[in-house]
DNA sequence: TCTGGGGTCCTAGGACCC
DNA sequence: TCTGGGGTCCTAGGACCC
């Protein structure tokens, strides 16, 4: 079993783990303003989110807009009803990933262990850096990093700190906006007592409801309950997890090299698609997009999954695991096409969303496994791979328009 | 103006093998 | 002959996060 941060602290209180969570303030809003300062720098009521399809939701809202009740994941229309004077802009995706990379690079120069938890959150493990930082307190370190990031990347962040990732994460909430909050070693449980269960990461609306049914709403409600009771109410896994979480215990490490587990590409249509032909055209685009993403990470995939969301919002998936890992658009599309047909045979409703996902990923640099299974139907040939890689390099040299997806031909089965 | 897009992890049942 | 017990892999769905 993993040694938890608490185990380490109990063994040697002087060497408590020192974890920081660096969280970019209203990241998408900040980036949108940096990208278009003339138009947006002075706009207080700013909403970043999709409205291009007419079916968009809020990705991020400025603090001023949040005061009107605007929240992430809220339909943009609803947000505008709450805050009619807000300016809505699209998500500057490229700029966001570039800025995220800048922040990460800057942090990697500052700290020995950095893990990107999402596009705008970075965990740092500073355990053992006491001497390196000349005895600087964790709090002072956090303030110093904040300033360096502001200078080097123009991004304003809030920083939470503590002995576990969970404590650092919750501390970040108290640090916002634009501040620092560090929980002293040994104070984890007392710190946790102020939170509602719904505040804890990993406890969402569904779990909140089943907790409420047992009369549990706050961390302090759970603290006196025996682990065995929690397990009998919520299952062995969840019960154990909850028992540890409310005490600030979190066994997960700050791990800079978490391998990617899946890649996917999906699209919600501005109007529902009704014909198989239209869906197949979209499926081809998605296969090309997800395939390119896969190859750019030097990965291959054994499992292809197609996701279909019908007009009534019912979501269905169908997946297939192949004997060999694949990477070319043509083969991804062939497999995905069969899965889509399968889903459509079961239920033929207008479709609002279609997606293609790849999982069971393996590194592409391994020795060539082709031929092991005799090259049966659905299996990729060296020619398929070469073609896909050639198309990628043409696109990166001449732009995506240089090669149209129509160039891919379904291979006979 | 009803509900994005990219992920991770868990569960439960069935197939299959020893 | 009336029904094992584990382990692993696969599938579908769902909860959750940013």
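The values are calculated or read from the model by the stated rules, or taken from the named source; none is laboratory data. Because the structure is a prediction, the values reported are computed rather than measured. Here the Cβ is made from the backbone with ideal geometry for all residues, glycine too, and neighbour counts use every protein chain on show.
Structure data summary
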{"item": "Selection within segment A:324-352 - within 8 Å of DNA strand C (Cβ to nearest atom) and surrounded by fewer than 18 Cβ atoms within 10 Å (Cβ to Cβ)", "result": "A:342"}
{"item": "Flag for residue A:260 being in contact with a strand residue (DSSP E or B) (Cβ under 7 Å, 6 or more places away or on another chain) and in contact (Cβ under 8 Å) with a residue 60 or more places away in the chain", "result": "yes"}
{"item": "Of all residues in segment A:53-79 being part of a loop (DSSP other than H, G, I, E, B) and within 22 Å of residue A:119 (Cα to Cα), the one that is farthest from DNA strand B (Cβ to nearest atom)", "result": "A:62"}
{"item": "Test: residue in segment A:150-159 that is part of a helix (DSSP H, G or I) and under 20 Å from residue A:252 (Cβ atoms)", "result": "no"}
{"item": "Selection status of residue A:47, within 13 Å of DNA strand C (Cβ to nearest atom) and either closer than 19 Å to residue A:31 by Cα or under 24 Å from the mean Cα position of the chain (by Cα) (or both)", "result": "no"}
{"item": "Set A:157, A:208, A:148: member being in contact with a strand residue (DSSP E or B) (Cβ under 7 Å, 6 or more places away or on another chain) and either over 18 Å from residue A:16 (Cβ atoms) or surrounded by fewer than 14 Cβ atoms within 10 Å (Cβ to Cβ) (or both)", "result": "A:157"}
{"item": "So residue A:249, is it farther than 30 Å from residue A:336 by Cα, in contact with a helix residue (DSSP H, G or I) (Cβ under 6 Å, 6 or more places away or on another chain) and not in a helix (DSSP H, G or I)", "result": "yes"}
{"item": "Every pair of residues 6+ apart whose Cβ atoms lie under 6 Å, when the first sits in segment A:33-58 and is more than 26 Å from residue A:267 (Cα to Cα) and in contact (Cβ under 8 Å) with a residue 24 or more places away in the chain while the second is away from DNA strand B (no atom under 15 Å from the Cβ) and part of a helix (DSSP H, G or I)", "result": "A:40/A:33; A:45/A:64"}
{"item": "Members of segment A:80-120 found to be touching a residue at least 60 places away in the same chain (Cβ under 8 Å), surrounded by 17 or more Cβ atoms within 10 Å (Cβ to Cβ) and either more than 13 Å from DNA strand B (Cβ to nearest atom) or part of a loop (DSSP other than H, G, I, E, B) (or both), listed by number", "result": "A:91, A:92, A:99, A:103, A:107, A:111, A:113, A:114, A:119, A:120"}
{"item": "Top-ranked residue in segment A:121-143 [being in a helix (DSSP H, G or I) and under 30 Å from residue A:59 (Cβ atoms); ranked as farthest from DNA strand B (Cβ to nearest atom)]", "result": "A:143"}
{"item": "Residue A:205 under 29 Å from residue A:108 (Cα atoms), in contact with a helix residue (DSSP H, G or I) (Cβ under 9 Å, 6 or more places away or on another chain) and within 16 Å of DNA strand B (Cβ to nearest atom)", "result": "no"}
{"item": "Criterion (free of Cβ contacts under 8 Å to residues at least 60 places away in the same chain, more than 16 Å from DNA strand C (Cβ to nearest atom) and either under 21 Å from residue A:200 (Cβ atoms) or in contact with a strand residue (DSSP E or B) (Cβ under 7 Å, 6 or more places away or on another chain) (or both)) met by exactly one of A:223, A:230, A:308", "result": "A:223"}
{"item": "Count of segment A:348-370 residues which are closer than 23 Å to residue A:55 by Cα and either at pLDDT below 95 or out of contact with any helix residue (DSSP H, G or I) (no Cβ under 8 Å at 6 or more places or on another chain) (or both)", "result": "5"}
{"item": "Some residue of segment A:317-339 being within 22 Å of residue A:55 (Cβ to Cβ) and either away from DNA strand B (no atom under 12 Å from the Cβ) or in contact with a helix residue (DSSP H, G or I) (Cβ under 6 Å, 6 or more places away or on another chain) (or both)", "result": "no"}
{"item": "Residue list for segment A:231-263, restricted to those being surrounded by fewer than 16 Cβ atoms within 10 Å (Cβ to Cβ), farther than 22 Å from residue A:189 by Cα and near DNA strand B (Cβ under 6 Å from one of its atoms)", "result": "A:235, A:260, A:261, A:262"}
{"item": "Test result for residue A:195, in contact with a helix residue (DSSP H, G or I) (Cβ under 6 Å, 6 or more places away or on another chain) and within 14 Å of DNA strand C (Cβ to nearest atom)", "result": "yes"}
{"item": "Selected residue (only one of A:166, A:126, A:132 is out of contact with any strand residue (DSSP E or B) (no Cβ under 6 Å at 6 or more places or on another chain), within 14 Å of DNA strand C (Cβ to nearest atom) and more than 16 Å from residue A:25 (Cβ to Cβ))", "result": "A:166"}
